[in-house]
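Q: Quick one: the structure is below, questions incoming.
The values are calculated or read from the model by the stated rules, or taken from the named source; none is laboratory data. Predicted model, so just to flag it, every value in this text is computed and none were measured. Cβ: placed from backbone, ideal geometry, glycine included. Neighbour counts: every protein chain shown. Surface accessibility is based on the protein's heavy atoms, side chains included, excluding ligands, DNA and RNA. Shrake-Rupley method; radii C 1.70, N 1.55, O 1.52, S 1.80 Å.
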Amino acid sequence: MTAVQTQPEATPDSAQGTRSPHRARRRLSAPYILLIPSVAVLVAAMGYPLIWQVITSLQEFGLAQQFGQPPKFVGLQNYTQLLFDSYTWAVVARSLTFCLVCAGATMAIGIALALLMKRVHKLIRNILQTALLLAWAMPLVAAMTVWIWLFDWRRSVVNWVLTEAGLNFQGYNWLAAPLTFYVVAAIIVTWMSVPFVAFSVYAGFSQVSEEVLEAAQMDGATGLQRLLHITIPMIRPVLAIVLLLQVIWDLRVFAQIKMLQDVGSVPSETNLLGTYIYQLGTGSGDFGMSSAVSIFMLVLTLAVSWLYVRRMIREDEAT
Amino acid sequence: MSTSMRITQRRTPKISSLMWGALALFVAALWAFPVYWMLNSALLPNVTLQSSTPTFIPFGGSLDNFVAVTASGTFFSALGVSLTVTSITVVCCLSFAFLGALAISRFRFRGRKGFILALLLVQMLPAEGLFIAQYRMMANANLLNSVLGISILYIAAVVPFTIWMLRGFVTGIPVELEEAAMVDGLTRTQAFLRITFPLLAPGLVASGVYAFLQAWNEFTIALVVMTSDTSKTVPLWLRGFMQSSATRETDWGQVMAASTLVSVPVIIFFLLVQGRMSSGLVGGAVKG
């Protein structure tokens, strides 16, 4: 009886059987075909320049080469030159310090605001969240113009407020000296990045179970103890990822520094890695050196990114 | 004694919660102040802005600054360039990323893990680490100041994260739905197009807005490859507008009006996708 029943189905089955090896091969190549457009555009716009940059960083490629002279292979000379250049080290040190200060401040304020959101009434929380979202949503260049106006030396609000508070800041030019220049830049970068940290950490809090916290409270744990020993350890994955992102983002603060420099400060005194590369490449036309600094910056970012990516993949597999 | 204890217990939380509330409002004011100040200054005439005491509420304000900004004509030319570049980027990114997301979430193939790894790494590459090389490449290909050239660079910059974001949406739709449709006689492609694709709409919208925001706000690459006055994108135009007026006495009212024009559409779009974007960045670390 089974034989009789399977008999009529045999025809489509066998037809499919003859088609199946072909189909299987098509299925196998399908994902690769789907990836072609993305891979092609990535290779063209990033892979090719990257290879060019690696090669150029090993060449003497200055203004003469731009006017047609063939570039000369110089091995690692650009790199050794950078290595023994005190200015490069100054820029690297500035960039790292700036990055760590901004990332540290952003994390501290972001976590504090996330705690604050948890604490306050829903209505007040909504007001705070809306304010943070507004700051977060502002396009970078528009935000920079507003901040430059806020710190304008002739009649800025900041100077006015400080002067009203009894300090003499009348006509004070923040962007003239490197130190205050970086203070302004750090304030702006922190203002821009805090909302992301605050929202991510606040979302992380929702994973901490209320029962555990209540149990700890009944056992006599104070608010600070509960925060340090329960909440923070439980949201560590979020904190780690957010911190890594901040470090990566704060290493590449090009637009902010460039726009502040435009307003009137000495670029050589206020350069960070991004603006230094820009100046080498477009200002001095020294593509060999600028490529070498770029490679250094890429390696630095990739090292930090690697930690981030590993965490992302682990978190992703955990879900 | 027990009643007095209960009273103090009830009162202390009240006082401290008032304090926390006040602090939260203060922080909110601090963070929103630059945005408010932009709108405030945009509405005020330059005479008022030049006084030594700032005006905090725009009484008697007008839209004159906006009229002046848009009358100059350069704004609309930049708007045109930005709209074109952004549309190309969004459309290409969405279609490329859609295919890519499909590949990595619906197929298991050799090199899949490596590809995901590469995507996440490429997405973190700083534009400043490559822009001089990209500038040379564009110069050699005669694509400086061209909408096509910058669009290619933008697509490459945005497509990795878009794939990553869309992948989350595709994975969220159970394969069983497709399989059920295939049992009912649809081919794999048909099943995908009729069942999964419609369910992906929210994901496509979110990724599209993300791509829009990235391309619309981008400044660094544009600064390097769009050097001529006629090919400026909106962020470059805004920077130029501020600089050109900085040589004389800066007309901050107009600069703030220009900033407002650039910001308002962005803020609206941003509020639409904020949740999705941040959960994409922190991955599985934040659930729900």
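Q: When you go through A:Ile248, A:Ile232 one by one, which is the residue that is at pLDDT 85 or above and over 30 Å from A:Thr180 (Cβ atoms)?
A: A:Ile232
Q: Take the residues in region B:207-234 that are farther than 21 Å from B:Pro160 by Cα and either among the charged types (D, E, K, R) or in contact with a strand residue (DSSP E or B) (Cβ under 6 Å, 6 or more places away or on another chain) (or both), then tell me which one is surrounded by the most Cβ atoms within 10 Å (Cβ to Cβ). Please lay out each step first, then the result.
A: Keep residues of region B:207-234 that are farther than 21 Å from B:Pro160 by Cα, which gives B:223-234.
Filter once more, keeping what is either among the charged types (D, E, K, R) or in contact with a strand residue (DSSP E or B) (Cβ under 6 Å, 6 or more places away or on another chain) (or both): B:229, B:232.
On the way: B:Asp229: 13, B:Lys232: 23.
My answer is B:Lys232.
Q: From the residues in region A:216-239 that are part of a loop (DSSP other than H, G, I, E, B) and free of Cβ contacts under 8 Å to residues at least 24 places away in the same chain, which one is least open to solvent (accessible area, probe 1.4 Å)?
A: A:Ala221
Q: Also, quick follow-up: Keeping to region A:257-286, report how many residues are farther than 18 Å from B:Gly129 by Cα and either more than 10 Å from chain B (Cβ to nearest Cβ) or within 19 Å of the chain's Cα centre (by Cα) (or both).
A: Of the residues in region A:257-286, 9 are farther than 18 Å from B:Gly129 by Cα and either more than 10 Å from chain B (Cβ to nearest Cβ) or within 19 Å of the chain's Cα centre (by Cα) (or both).
Yes or no, residue by residue, for (1) in contact with a Gly (Cβ under 9 Å, 6 or more places away or on another chain); (2) charged (D, E, K, R); (3) not assigned by TED's automatic domain parsing to the domain that holds A:Ala186:
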{"position": "A:Ile124", "(1), (2), (3)": "yes, no, no"}
{"position": "A:Ile127", "(1), (2), (3)": "no, no, no"}
{"position": "A:Leu133", "(1), (2), (3)": "no, no, no"}
{"position": "A:Met138", "(1), (2), (3)": "no, no, no"}
{"position": "A:Ala143", "(1), (2), (3)": "no, no, no"}
{"position": "A:Val158", "(1), (2), (3)": "no, no, no"}
{"position": "A:Glu164", "(1), (2), (3)": "no, yes, no"}
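Q: Right, another one. Sort out which residues of region B:96-154 are basic (Lys, Arg) and under 20 Å from the mean Cα position of the chain (by Cα), and write them in order of number.
A: Within region B:96-154, none qualify.
Q: So if I check each of B:Ile155, B:Ile132, B:Ile88, which one is touching a helix residue (DSSP H, G or I) at 6+ places or on another chain (Cβ under 9 Å) and open to solvent by 50 Å² or more (accessible area, probe 1.4 Å)?
A: B:Ile88
Q: Let me ask you something else. Would you be able to say whether some residue in region A:203-211 is more than 20 Å from the chain's Cα centre (by Cα), more than 14 Å from every other protein chain (Cβ to nearest Cβ) and assigned to a helix (DSSP H, G or I)?
A: yes
Q: Still on this model: So, of the residues in region B:118-129 that are without any contact (Cβ under 8 Å) to a residue 24 or more places away in the chain and open to solvent by 10 Å² or more (accessible area, probe 1.4 Å), which turns out to be farthest from A:Ser38 (Cα to Cα)?
A: The initial filter retains those residues of region B:118-129 that are without any contact (Cβ under 8 Å) to a residue 24 or more places away in the chain, namely B:118, B:121, B:124-126, B:129.
Narrowing the set further to residues that are open to solvent by 10 Å² or more (accessible area, probe 1.4 Å) leaves B:118, B:121, B:125.
On the way: B:Ala118: 12, B:Leu121: 15, B:Leu125: 16 Å.
Result: B:Leu125.
Q: Away from chain A (no Cβ under 14 Å), at pLDDT below 95 and open to solvent by 80 Å² or more (accessible area, probe 1.4 Å): is that true of B:Met5 in this structure?
A: yes
Q: Counting just the residues of region B:73-127 that are of a type in the set (Val, Ile, Thr) and touching a Lys or Arg at 6+ places or on another chain (Cβ under 8 Å), which one comes out nearest to A:Thr275 (Cα to Cα)?
A: Per the criteria, the residue is B:Val81.
Q: Residue by residue through region A:130-162, note down the ones that are modelled with pLDDT under 90 and of a type in the set (Ser, Thr, Tyr).
A: A:Ser156
Q: Now, a different point. Show the residue pairs meeting these rules: Cβ distance below 7 Å; 6+ apart or different chains; first residue within region B:142-153 and among the hydroxyl-bearing types (Ser, Thr, Tyr); second residue in a helix (DSSP H, G or I).
A: Matching pairs, first to second residue: B:Ser151/B:Val85; B:Ser151/B:Ile88; B:Ser151/B:Thr89.
Q: Sticking with this one: For region B:96-117, how many residues meet the condition of being within 30 Å of B:Leu238 (Cβ to Cβ) and free of Cβ contacts under 8 Å to residues at least 12 places away in the same chain?
A: Qualifying residue count for the region: 0.
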